[in-house]
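The structure appears right after this line, and notes come after that.
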Amino acid sequence: MTAGHIPVMLKEVLEVLAPMPGKRFLDCTFGGGGHTRALLDAAEGVHVSGLDCDPDAGKRAAALKEEYPERFRFYDTNFSGMDTVEEKDFDGILMDLGISSFHVDEAERGFSFNKEAELDMRLDPRSGESASEFLESASSDAIVRAVRDYGEERAWKRVVSAILSARGTGTLARTRSLALLVEDAVGGRPGRIHRATKTFQGIRIAVNHELDVLEQALPKAVELLAEGGVLAVISFHSLEDRVVKRFFRKMAGKPEHARDNIPQDMRTRCGTLLSSRPMKPSEEEIAANPRSRSSKLRVFKKETP
């Protein structure tokens, strides 16, 4: 894997995907290539197709392509475009959601409030608007959605008001100045979690349309699975996990939530949940890689009823 990159829940991913000779896998979020490399190394004849819209990921994938020229293929695309790949009937598909360590550690990407940089936050800096542009031009409703709904910030009214008041001042152009603005708006004493964490998360989700992309991608992933194939999704916050949980339950012919009263004979089932509850990282993994602490792994197996 790429130096400095630690793939999350690698042991669990290999257990549920069970790579064997001749099996074909799709890594929808290539990132640093840790999961992809582990699959390729697990058995001779394993084939992996990797996707990532981050141009830096493409550079990292080039090295892996040289090592596995016949068994690895990379596509420069967001995973919502997985239906454009040439390969089909995958034995396993992996989605490792959220952002990678590269995004956080590289200051110039503008994801971290701990590093001074232009406020960008785009997973693909070649398209769309930056976080700064979003904050300067989006409607107040869109800012509320980002901070209150996606960021789940309790002090969202004060934060949104502060952001709207700061338009045109240059405060919204840089990571540290925005972080200081949010800290002041949230108020209170500093805690274990930085006071700007939730707002930064919400802005990032809004800028990259992450929940919309996930909802588009999940049905495509099931379609691309071979009979008996497994879809494994790692999420890092409650909003992602809720989308995955409800989709998997729907595909398994179960109620999506407590208020889902659709009669059983009107449900469509195309597979099973391999576990009713998500898998979580071990204490040893969390100690070795603190960024894994909030991860959850849900698994769905495609089967004909």
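Any residue that is within 24 Å of the chain's Cα centre (by Cα), over 19 Å from residue 120 (Cα atoms) and not charged (D, E, K, R) - is there at least one of those in the stretch 192-208? Yes: the stretch 192-208 contains one or more residues that are within 24 Å of the chain's Cα centre (by Cα), over 19 Å from residue 120 (Cα atoms) and not charged (D, E, K, R).
Number of residues in the stretch 183-221 that are farther than 28 Å from residue 244 by Cβ and part of a helix (DSSP H, G or I) equals 4.
Residues that are within 19 Å of residue 234 (Cα to Cα), in contact with a Leu (Cβ under 8 Å, 6 or more places away or on another chain) and either among the polar types (S, T, N, Q) or modelled with pLDDT under 95 (or both) within the stretch 250-305 comprise just one, 252.
In contact (Cβ under 8 Å) with a residue 60 or more places away in the chain, crowded, with 17+ Cβ neighbours inside 10 Å, within 30 Å of residue 153 (Cβ to Cβ) and not assigned by TED's automatic domain parsing to the domain that holds residue 52: is that true of residue 217 in this structure?
no
Looking only at residues of the stretch 244-291 that are in contact (Cβ under 8 Å) with a residue 24 or more places away in the chain, in a helix (DSSP H, G or I) and out of contact with any Gly (no Cβ under 9 Å at 6 or more places or on another chain), we find that the one that is surrounded by the fewest Cβ atoms within 10 Å (Cβ to Cβ) is 288.
Looking at 167, 126 in this structure, which one is assigned by TED's automatic domain parsing to the domain that holds residue 195, among the basic types (Lys, Arg), in contact (Cβ under 8 Å) with a residue 12 or more places away in the chain and farther than 25 Å from residue 216 by Cα?
167
If the condition is being among the hydrophobic types (A, V, I, L, M, F, W, C) and more than 13 Å from residue 305 (Cα to Cα), then the stretch 250-272 contributes 258, 262, 266. Against the definition (of a type in the set (A, V, I, L, M, F, W, C), closer than 20 Å to residue 209 by Cβ and in a helix (DSSP H, G or I)), how does residue 172 come out, yes or no? Against the criterion (of a type in the set (A, V, I, L, M, F, W, C), closer than 20 Å to residue 209 by Cβ and in a helix (DSSP H, G or I)), residue 172 qualifies.
Only one of 158, 167, 145, 73 is in contact with a helix residue (DSSP H, G or I) (Cβ under 8 Å, 6 or more places away or on another chain) and within 24 Å of residue 40 (Cα to Cα). Can you tell me which?
Details: 158 fails: within 24 Å of residue 40 (Cα to Cα); 167 fails: within 24 Å of residue 40 (Cα to Cα); 145 fails: within 24 Å of residue 40 (Cα to Cα).
One residue alone meets the criteria, 73.
For the stretch 4-33, a residue qualifies if it is closer than 13 Å to residue 295 by Cα, in a helix (DSSP H, G or I) and either free of Cβ contacts under 8 Å to residues at least 12 places away in the same chain or of a type outside the set (Asp, Glu) (or both), and the qualifying residues are 10, 13.
Return the residues of the stretch 147-163 that are touching a Lys or Arg at 6+ places or on another chain (Cβ under 9 Å) and not in a loop (DSSP other than H, G, I, E, B); say none if nothing qualifies. 147, 148, 150, 156, 157, 159, 160 - these are the residues of the stretch 147-163 that are touching a Lys or Arg at 6+ places or on another chain (Cβ under 9 Å) and not in a loop (DSSP other than H, G, I, E, B). Evaluate the stretch 170-185: report whether one residue or more is exposed (fewer than 15 other Cβ atoms within 10 Å of the Cβ) and either within 22 Å of residue 293 (Cα to Cα) or in contact with a Lys or Arg (Cβ under 8 Å, 6 or more places away or on another chain) (or both). Checked the stretch 170-185: no residue is exposed (fewer than 15 other Cβ atoms within 10 Å of the Cβ) and either within 22 Å of residue 293 (Cα to Cα) or in contact with a Lys or Arg (Cβ under 8 Å, 6 or more places away or on another chain) (or both).
With respect to (1) in a helix (DSSP H, G or I); (2) more than 29 Å from residue 198 (Cβ to Cβ); (3) of a type in the set (A, V, I, L, M), the lone exception for residue 239 is condition (2). Checking 13, 46 one by one, the residue that is farther than 22 Å from residue 282 by Cα and at pLDDT 95 or above is 46 and no other. Residue 235 meets each of the listed conditions (1) of a type in the set (S, T, N, Q); (2) within 30 Å of residue 27 (Cβ to Cβ); (3) out of contact with any Pro (no Cβ under 9 Å at 6 or more places or on another chain) apart from (3). Do you know which of the residues in the stretch 3-45 that are under 22 Å from residue 218 (Cβ atoms) and among the small types (Gly, Ala, Ser) is surrounded by the fewest Cβ atoms within 10 Å (Cβ to Cβ)? Here the residue is 18.
From the list 82, 95, the lone residue that is under 18 Å from residue 50 (Cα atoms) and in a helix (DSSP H, G or I) is 82.
The values are calculated or read from the model by the stated rules, or taken from the named source; none is laboratory data. Quick caveat: nothing in here was measured; it's all calculated off a predicted structure. Cβ sites come from the backbone with ideal geometry, for glycine too, and all protein chains shown count toward neighbours.
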